[in-house]
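Reviewing the structure listed below.
The values are calculated or read from the model by the stated rules, or taken from the named source; none is laboratory data. These numbers were taken from a predicted model, which means no experiment stands behind them. Please note: Cβ atoms are built from the backbone with ideal geometry, for glycine as well, and neighbour counts cover all protein chains shown. Each accessible area value is taken on the protein alone, full model and side chains, heavy atoms only, with ligands, DNA and RNA left out. Shrake-Rupley method; radii C 1.70, N 1.55, O 1.52, S 1.80 Å.
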Amino acid sequence: MRFTQDGFVHIVDDDVSFANSIARMLWMTGIPVRCHESVAQYLAGDVSGPGCLLLDICLPGSSGFELYETLMSQHPRRPVIFLTGVDDVNLSVAAMRSGAVDFLLKPVEMPQLLASVRRALAIDLAQRIEQQRMADARSRLGMLSRIEIEVFRGVARGQRGKQVAHDLRLSTRTIKFHRERLMRKLQASSVADLVHLHRVLQQDEEARRQRSSQKRTWHASRLAHRWLLPSESGSPKRASWA
């Protein structure tokens, strides 16, 4: 499957004139854009394809924070660039540590915004390629029998046939038979291919742990701070995290 660095930039901002201005500038550089005035409008639209998100914090109804938390539970996670008028160092640090691509303040210079958007689209492309690679690996591994999985693990760890046979209490001839079968199923031409596939799966597990850690970082930060957000009347209010 061939992937390209395409996809929409979704702008979620209730300031229609500002969003349209940013959209026009991005369109002029060849980047397609869709604008949404609220989280509800964004979620109701066609947002399943590739792309990234330019997300304001203070929105009518659900806040940008709440949408961000929803996106954090998804995989692959849509790259998010916060573009907001809320200037808070702690919030910026928490967003970046939890996996946001960038945290930009309004008004933003176009070269800075464009660089962040291109970086976010590149991240999205890399995630899609990696997701397909993981899906292919899991699909092939799913064809292995229980004993073939154990032989695969032993060989991928660098164990020789005799050691694998000893650990599994099988004959070396049986181990050789299962290794040949699993290599055909995995479309592997050498032990090096098996080692590579095993490494891919280990990277997937590490990525899962990292995503879990980022979510814990974000949740801890939101409990430690209560950000000042403007209310509908224009006066400051405390953001509710309940």
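Laid out as a table, the results:
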{"item": "Degrees, to the nearest 10: 110-141 long Cα axis against longest axis of the chain", "result": "30"}
{"item": "Of all accessible heavy-atom area on the chain, the percent that carbon and sulfur account for (1.4 Å)", "result": "51"}
{"item": "Relative contact order [Cα under 8 Å, 6+ residues apart], the chain, whole percent", "result": "16"}
{"item": "Crossing angle, helix 172-185 versus the chain [Cα axis fit, 0-90 degrees, rounded to tens]", "result": "40"}
{"item": "Nonlocal amide H pairs with His10, under 5 Å, H built at 1.01 Å", "result": "Arg34, Cys52, Leu53, Leu54"}
{"item": "Anisotropy class of the stretch 150-202 from Cα gyration tensor, a/c 1.5 cut", "result": "oblate"}
{"item": "Sequence of Cys58, Cys52 from largest to smallest accessible area, 1.4 Å probe", "result": "Cys58, Cys52"}
{"item": "Pairs of lysines in the chain (C-alpha under 23 Å apart; 8 or more residues apart or interchain)", "result": "4"}
{"item": "Convex hull per residue volume in Å³, alpha carbons only, for the stretch 47-112", "result": "103"}
{"item": "Most to least packed among 146-154, 76-84 [average Cβ atoms within 10 Å]", "result": "76-84, 146-154"}
{"item": "Degrees between helix 191-224 axis and first principal axis of the chain (Cα, 0 to 90, nearest 10)", "result": "30"}
{"item": "Probe 1.4 Å, protein heavy atoms only - accessible area per residue of the chain in square angstrom", "result": "56"}
{"item": "Shape category assigned to the stretch 18-64 from the gyration tensor of Cα positions, a/c cut at 1.5", "result": "oblate"}
{"item": "Burial ranking of peptide ranges 112-120, 63-71 (average Cβ count within 10 Å, highest at the top)", "result": "63-71, 112-120"}
{"item": "Computed [θ] at 222 nm, helices only, for the chain once each DSSP H run of length n ≥ 4 contributes -39500 (n - 2.57)", "result": "-18500 deg cm²/dmol"}
{"item": "Computed over the stretch 50-158, Kirkwood Rh from alpha-carbon pairs, angstrom", "result": "16.4"}
{"item": "The chain: proportion of alpha-carbon pairs further apart than 25 angstrom, %", "result": "53"}
